[in-house]
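The values are calculated or read from the model by the stated rules, or taken from the named source; none is laboratory data. Here the structure is a predicted model, which means the values were calculated and not measured. Cβ placement follows ideal geometry from the backbone for every residue including glycine, while neighbour counts extend to all protein chains displayed. Just the protein is used for accessible areas: all its heavy atoms, side chains included, with ligands, DNA and RNA removed. Shrake-Rupley method; radii C 1.70, N 1.55, O 1.52, S 1.80 Å.
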Amino acid sequence: MRTGELLGTGRSADVYAYGEGWVLRRYRVGLDAGPEAVVMGHLREHGYPVPRVRPPRPEVPRELVMERLSGPTMLETLARGGTTPEAAGAQLAGLLRRLHAVPARVGARPGDRVLHLDLHPDNVMLTPGGPVVIDWSNTEEGAPGLDLAMSALILAQVAVSDAPLADGAGAGLVALLRAAGPVADDAGEPFEDLLLDVRERRAANPTLSDVEREQLDEAVTLVRHRYDAVVPG
């Protein structure tokens, strides 16, 4: 089947129409979409809101065919004032909580869960049936606190930038942390250490600009201060 019109483009992939009710996500970099499809299938089996996916084709490992969703992203809704940053932050915390209630698929360590590791407002589609989480290219299994720390850091990077939604990102960050509550992994690793872990992961992300990398330390400081201010401890 031929791909249709280009529907969207991100930092690492393009999305095309693909027949009736489907889209094709094609990575521009050498990512293998197969593991992503397996994880999404596992999550759907446990009732977590992700798009349906077709079995990956080994001959085109960079491509993933999935259900075409209708509705705006959470980011689009925020930009036009259809929801508040506080509501969005609380909803992100709820989606993380639901995700981490799903049993791990592999579970190398007790307490490991499926992690998204890139959950932010542009990766949540607000469909008529409810929010659906997209873009699972960074998924792995590990300590749930890593997911919260990563989402918090991404919001903080927007908050310390000159982006139009910077103030909203700051408010969303506070709401996310407040709704999530205290975090430590099963080994007792504090949120501070989890935050430093995800800071290194973000720094290694090849799609980040030089400016975004320069803002990482300021963003880490913001998350640390907001966490200490709003999370009982």
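For the stretch 3-18, the count of residues that are touching an Asp or Glu at 6+ places or on another chain (Cβ under 7 Å), free of Cβ contacts under 8 Å to residues at least 60 places away in the same chain and small (Gly, Ala, Ser) is nonzero. Residues of the stretch 33-59 that are over 21 Å from residue 119 (Cβ atoms) and open to solvent by 40 Å² or more (accessible area, probe 1.4 Å): 54, 55, 56, 57, 58, 59.
Residues of the stretch 97-128 that are of a type in the set (Lys, Arg), touching a helix residue (DSSP H, G or I) at 6+ places or on another chain (Cβ under 7 Å) and under 22 Å from residue 189 (Cα atoms): 113 alone.
In the set (1) of a type outside the set (Phe, Trp, Tyr); (2) open to solvent by less than 40 Å² (accessible area, probe 1.4 Å); (3) farther than 17 Å from residue 134 by Cβ, the condition left unmet by residue 20 is number (2). Considering every residue within the stretch 178-185, establish whether at least one is within 30 Å of residue 66 (Cβ to Cβ), out of contact with any Cys (no Cβ under 6 Å at 6 or more places or on another chain), open to solvent by 10 Å² or more (accessible area, probe 1.4 Å) and not in a helix (DSSP H, G or I). Checked the stretch 178-185: no residue is within 30 Å of residue 66 (Cβ to Cβ), out of contact with any Cys (no Cβ under 6 Å at 6 or more places or on another chain), open to solvent by 10 Å² or more (accessible area, probe 1.4 Å) and not in a helix (DSSP H, G or I). Only one of the numbered conditions (1) farther than 13 Å from residue 135 by Cβ; (2) without any contact (Cβ under 8 Å) to a residue 12 or more places away in the chain; (3) surrounded by 18 or more Cβ atoms within 10 Å (Cβ to Cβ) is violated by residue 89, and that is (2).
Among the residues of the stretch 56-96, which ones are in contact with a helix residue (DSSP H, G or I) (Cβ under 7 Å, 6 or more places away or on another chain) and either outside any helix (DSSP H, G or I) or at positive phi (or both)? Hits for the stretch 56-96 are 56, 61, 64, 73, 83.
Okay, residues lined up against (1) open to solvent by 30 Å² or more (accessible area, probe 1.4 Å); (2) in contact with a strand residue (DSSP E or B) (Cβ under 6 Å, 6 or more places away or on another chain); (3) of a type in the set (Lys, Arg):
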position: 109; (1), (2), (3): yes, no, yes
position: 113; (1), (2), (3): yes, no, yes
position: 126; (1), (2), (3): yes, no, no
position: 130; (1), (2), (3): no, no, no
position: 144; (1), (2), (3): yes, yes, no
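Looking across 207, 221, one residue alone is surrounded by fewer than 14 Cβ atoms within 10 Å (Cβ to Cβ), of a type in the set (Val, Ile, Thr) and either at pLDDT 95 or above or in contact with a Pro (Cβ under 7 Å, 6 or more places away or on another chain) (or both). It is 221.
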